[in-house]
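Let me begin by presenting the structure, written as structure tokens, before commenting on it.
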Amino acid sequence: MLSKELIMLMLVGLILVIFVMVGVAFFTLLERKVLGYIHLRKGPNSVGFSGILQPFSDAIKLFCKEHVNPLVSNYLLYYVCPVFSLFLSLILWMLMPYMSGLLTFNLGMFFFLVCTSMGVYTVMLAGWSSNSNYALLGGLRAVAQTISYEVSLALILLSFIFLIGSYSLLDFFYFQMGIWFLFLCLPLCNVWFVSCLAETNRSPFDFAEGESELVSGFNVEYGSGGFALIFLSEYSSILFMSMLMCIIFLGSNLNSFTFYLKLIFVAFLYIWVRGTLPRYRYDKLMYLAWKSFLPLSLNFLFFYLGFKIFF
């Protein structure tokens, strides 16, 4: 019986990963289309009907290119980092709170924090193992930025742990059957969204990839398959963060079609922000994290703790 359950778990996990990969592919197409219309141009429209096959064309092109590794790079780490980065971003998806289970467990929030913290090491080692000054500087920037905003994310999650009295993502569904947490915690929702932008190195916080200074940041020495894996892990993390925001703030009934519409809308917000806002200055990014978001999330944490004690 146990072996049957294990096989079913692996099968369902594999299907989920395949669908996430397909979702990431078409999310890149959506981003290029939306940014194209923001710039008053068409975007991809040649491959297939209205550019619908463009993601598969890009994937084939990237994986068929010759892989060139720098002569003075740390060979093993240089190759392992992109694979490990994609693995971490995909294993997070096992936390999706299906009613049937999958890998949803009582300490899901801790598992999320552990996996996102491990993602810092892949960025840092990818920048260091390339043995390039630009890659190292981009990696250091990305690590400092990610660590700074992880503090705010952890404190916001801690607020909800006090509020619902559980570490499980499944309990967010039961606690939001009457009213969404978006209406109860609007400032926290805004802070969460901005922190997710910074956590996934997205514009206007994409300092690891500042074209004017760092060319392409920590992945500047990567090409072909390595670059494709880093690209996939970044967009997989964006979709996961969108899904997590829907679960925490917008109700989390995964059996409802509206949940996936909300997920698409939150993912669309990432693209909208990229097409609208210019890049921040790095010191302002750190100022925002430590002098604005940290006190705000701490105050909300104490507020919810007191709220839970007295009521």
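Taking Leu88 as the residue in question, decide whether it is farther than 28 Å from Met10 by Cβ and either surrounded by 15 or more Cβ atoms within 10 Å (Cβ to Cβ) or at pLDDT 85 or above (or both). No: the conditions fail for Leu88. Among all residue pairs at least 6 apart or on different chains, which show Cβ distances below 7 Å where the first residue, located in segment 203-216, is crowded, with 16+ Cβ neighbours inside 10 Å and of a type in the set (S, T, N, Q) and the second is part of a helix (DSSP H, G or I) and modelled with pLDDT of 65 or more? Final answer for the pair search is Ser203/Val273; Ser203/Arg274; Ser216/Glu209. Restricting Tyr304, Tyr287 to residues that are under 30 Å from Tyr134 (Cα atoms) and either assigned to a helix (DSSP H, G or I) or basic (Lys, Arg) (or both) narrows the list to Tyr287. Within the option set Ser117, Ser129, being within 22 Å of Leu197 (Cα to Cα) and of a type outside the set (A, V, I, L, M, F, W, C) holds for one residue only, Ser117. The residue that is nearest to Met243 (Cα to Cα), counting only those in segment 139-183 that are of a type in the set (Phe, Trp, Tyr) and surrounded by 20 or more Cβ atoms within 10 Å (Cβ to Cβ), is Phe172. Between Ser89, Ser46, Ser50, Ser85, the distinction of being on the phi > 0 side of the Ramachandran plot and of a type in the set (Ser, Thr, Tyr) belongs to Ser50 only. Evaluated against (1) without any contact (Cβ under 8 Å) to a residue 40 or more places away in the chain; (2) surrounded by 15 or more Cβ atoms within 10 Å (Cβ to Cβ); (3) polar (S, T, N, Q), Ser256 falls short on exactly one condition, (2). Screening the candidates Arg41, Arg32 for the property of being part of a helix (DSSP H, G or I) and either more than 22 Å from Leu88 (Cβ to Cβ) or in contact with a strand residue (DSSP E or B) (Cβ under 7 Å, 6 or more places away or on another chain) (or both) yields one hit, Arg32.
The values are calculated or read from the model by the stated rules, or taken from the named source; none is laboratory data. Values in this document were obtained by computation on a predicted structure and should not be read as measured data. Reconstructed Cβ throughout: ideal geometry from the backbone, glycine too, with neighbour counts over all protein chains shown.
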